[in-house]
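Just below is one structure, and these are the notes that go with it.
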Amino acid sequence: GVVYKGLHTRLCIPVAVKVIPGTPASANDGFLNEARLAAKVNHPNVARVYDVDSEGGVTYIVQEYVEGESVGNLLDRMADTKTWLEETRALEIAADAARGLAAIHREGIVHLDMKPDNILVQTREGLAKIVDLGLAANSWPIEHWKPWQISIRPTSTDPCGLAGSLRSSCTARAL
């Protein structure tokens, strides 16, 4: 999908608007599912969803705008400058992401796509927030899962993704 920065005209706050251009009508169910699952979670380490709607055949999600960059971009930038993330900072980011992930799990949701690009770090506060629940699924009942999701162990997928993100953060050193 494509994410745009916008202004919520009623709330007068900056928002992120996620759109999947040229989305076939059949994919709208998945997009709506993402919005519904994400809207269940209210935690400082998870980007909030404010609305989901459709206009002119285009479905979009209106969510919290996080001023900052993804951990993936941060690591790429650091690699370009031959620097690395300090261990203390990497642990702070990982702890924030773990708290967000725990909040997601408390709602019975499995993220299924934990990676550095889905963790945003705010510029001012330095707080990390999880985004993009596009592959997320309810952990129960399994009969509603897509066939490819059933082969994934939901109890290990999110923690392993988070662990991989942490490993990337601590070992992203230019050679």
Requested in this report: Inspect the range 86-97 for any residue being exposed (fewer than 14 other Cβ atoms within 10 Å of the Cβ) and under 16 Å from the mean Cα position of the chain (by Cα) and give the result as yes or no.
Outcome: yes
Query - Single condition L112 does not satisfy, out of (1) farther than 20 Å from A94 by Cβ; (2) at pLDDT below 80 - result: (1)
Requested in this report: For the range 32-47, indicate whether the set of residues that are within 13 Å of A128 (Cβ to Cβ), among the β-branched types (V, I, T) and at pLDDT 90 or above is non-empty.
Outcome: yes
**Report entry** Qualifying residue in the range 35-43 (condition: under 18 Å from D113 (Cα atoms), open to solvent by 60 Å² or more (accessible area, probe 1.4 Å), out of contact with any Ser or Thr (no Cβ under 7 Å at 6 or more places or on another chain) and among the charged types (D, E, K, R))
**Finding:** yes
Report summary line: Filtering the range 101-134 down to residues that are in contact (Cβ under 8 Å) with a residue 40 or more places away in the chain, open to solvent by 40 Å² or more (accessible area, probe 1.4 Å), over 21 Å from L75 (Cβ atoms) and outside any loop (DSSP other than H, G, I, E, B) yields H105
**Report entry** Boolean, E55 is surrounded by fewer than 13 Cβ atoms within 10 Å (Cβ to Cβ), among the charged types (D, E, K, R) and modelled with pLDDT of 90 or more
**Finding:** no
Query raised in the report: Are any of the residues in the range 76-83 closer than 21 Å to V15 by Cα and surrounded by 14 or more Cβ atoms within 10 Å (Cβ to Cβ)?
Result: no
**Report entry** Residues that are in contact (Cβ under 8 Å) with a residue 12 or more places away in the chain and either touching a Phe, Trp or Tyr at 6+ places or on another chain (Cβ under 9 Å) or over 16 Å from K18 (Cα atoms) (or both), drawn from the range 52-68
**Finding:** V52, S54, T59, Y60, I61, V62, Q63, E64, G68
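The values are calculated or read from the model by the stated rules, or taken from the named source; none is laboratory data. Note that the structure is predicted; figures quoted are calculated from it, not measured. All Cβ positions, even for glycine, are placed from backbone atoms using ideal geometry, and neighbour counts span all protein chains on display. Heavy atoms of the whole protein, side chains included, go into the accessibility calculation; ligands, DNA and RNA do not. Shrake-Rupley method; radii C 1.70, N 1.55, O 1.52, S 1.80 Å.
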